């Protein structure tokens, strides 16, 4: 009975009564609806308005499960902020199309690009984070993380025209600030020097200014670290200090190629 009692105490003392699956399902269905990904066309304006109102009612129910406010103010605020968020996401989708030669259309980006899905969920979650809504923002971004391998904390501040390519393994910490027209490739970490709890209210993660490109597996750490405008950060670098605007930072490795057959003179390429 000891373990059962422990579980009973846990259920009795938990702060919120939420349906995590319902919260995840909401953002997934909302994303598919607003980016025209549902199988059947929703071509009647009245039907679209009805669906949006249904999403609004559902979201209000979810919101009431984590807030003491029973009115609709925060729900209204979320949907009032939506057109601006949506405009940012349209710019993100166009940026991906403009910069990835493998992308054939905006529709392909919206249907299949994990980076776009992760950015979209982050932008919605960030709106809630700014309004001090508990749990839901992190549940949403961790849901996107589980689907895409891209971990964006909802507290990060990310500008417009954001481009994530491939994306697997990207980590963007809570106090990260990212400007406009930034491109990030797979495996990039924008992290903190340390994770001590007493640093909770301190800027722990780097600032990435406008026009920066960060290639695969680069690690950039520290709240005082600033990557200046239009800098290019090469793959596999480790950065803990600020980088001036228009800089190129790269890791210089050595690759040696030898002929596998004995007795032959080895052929060495320098890359």
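The values are calculated or read from the model by the stated rules, or taken from the named source; none is laboratory data. Being a predicted model, the structure only gives us computed values, none of them experimental. Note: ideal-geometry Cβ built from the backbone for every residue, glycine included; neighbour counts use all protein chains shown.
List the number of the failed condition for residue 174; all other conditions in (1) surrounded by fewer than 20 Cβ atoms within 10 Å (Cβ to Cβ); (2) outside the structural domain of residue 25 (by TED's automatic domain parsing); (3) on the phi > 0 side of the Ramachandran plot hold.
(3)
Could we say that residue 31 is assigned to a loop (DSSP other than H, G, I, E, B), in contact (Cβ under 8 Å) with a residue 40 or more places away in the chain and within 27 Å of residue 116 (Cβ to Cβ) here?
Values: assigned to a loop (DSSP other than H, G, I, E, B): no; in contact (Cβ under 8 Å) with a residue 40 or more places away in the chain: yes; within 27 Å of residue 116 (Cβ to Cβ): yes.
Judged against the criteria, residue 31 is not a match.
Using the structure shown, decide if residue 38 is modelled with pLDDT under 95 and under 29 Å from residue 160 (Cα atoms).
yes
Determine, yes or no, whether residue 6 is modelled with pLDDT under 95, surrounded by fewer than 12 Cβ atoms within 10 Å (Cβ to Cβ) and more than 22 Å from residue 112 (Cα to Cα).
yes
Sort through 142, 80, 127 and tell me the only one that's assigned by TED's automatic domain parsing to the domain that holds residue 57, farther than 25 Å from residue 15 by Cα and either in a helix (DSSP H, G or I) or out of contact with any helix residue (DSSP H, G or I) (no Cβ under 9 Å at 6 or more places or on another chain) (or both).
80
Which condition from (1) crowded, with 17+ Cβ neighbours inside 10 Å; (2) in a helix (DSSP H, G or I) is the one that residue 94 breaks?
(1)
Please work out which residue is nearest to residue 229 (Cα to Cα), limiting yourself to region 189-213 and to residues that are outside any loop (DSSP other than H, G, I, E, B) and at pLDDT 95 or above.
Of everything passing the filter in region 189-213, 208 is nearest to residue 229 (Cα to Cα).
Would you pick out the residues in region 65-77 that are touching a helix residue (DSSP H, G or I) at 6+ places or on another chain (Cβ under 9 Å), at pLDDT below 80 and either under 24 Å from residue 179 (Cα atoms) or outside any helix (DSSP H, G or I) (or both)?
69, 70, 72
Each row is one residue, and each column tells you yes or no for (1) under 19 Å from residue 139 (Cβ atoms); (2) in contact with a strand residue (DSSP E or B) (Cβ under 9 Å, 6 or more places away or on another chain); (3) surrounded by 12 or more Cβ atoms within 10 Å (Cβ to Cβ).
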site	(1), (2), (3)
39	no, no, no
43	no, no, no
48	no, no, yes
53	no, no, no
66	yes, no, yes
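Which condition does residue 154 not pass, out of (1) over 17 Å from residue 27 (Cα atoms); (2) assigned to a loop (DSSP other than H, G, I, E, B), if it passes all the others?
Among (1) over 17 Å from residue 27 (Cα atoms); (2) assigned to a loop (DSSP other than H, G, I, E, B), the lone unmet condition for residue 154 is (1).
Looking only at region 141-163, how many residues end up being free of Cβ contacts under 8 Å to residues at least 40 places away in the same chain, surrounded by 20 or more Cβ atoms within 10 Å (Cβ to Cβ) and over 8 Å from the mean Cα position of the chain (by Cα)?
Residues flagged as free of Cβ contacts under 8 Å to residues at least 40 places away in the same chain, surrounded by 20 or more Cβ atoms within 10 Å (Cβ to Cβ) and over 8 Å from the mean Cα position of the chain (by Cα) within region 141-163 amount to 2.
Each row is one residue, and each column tells you yes or no for (1) surrounded by 16 or more Cβ atoms within 10 Å (Cβ to Cβ); (2) in contact (Cβ under 8 Å) with a residue 60 or more places away in the chain; (3) within 11 Å of residue 176 (Cα to Cα).
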{"position": "193", "(1), (2), (3)": "no, no, no"}
{"position": "197", "(1), (2), (3)": "no, no, no"}
{"position": "205", "(1), (2), (3)": "yes, no, yes"}
{"position": "212", "(1), (2), (3)": "yes, no, no"}
{"position": "220", "(1), (2), (3)": "yes, no, yes"}
{"position": "238", "(1), (2), (3)": "no, no, no"}
{"position": "246", "(1), (2), (3)": "no, no, no"}
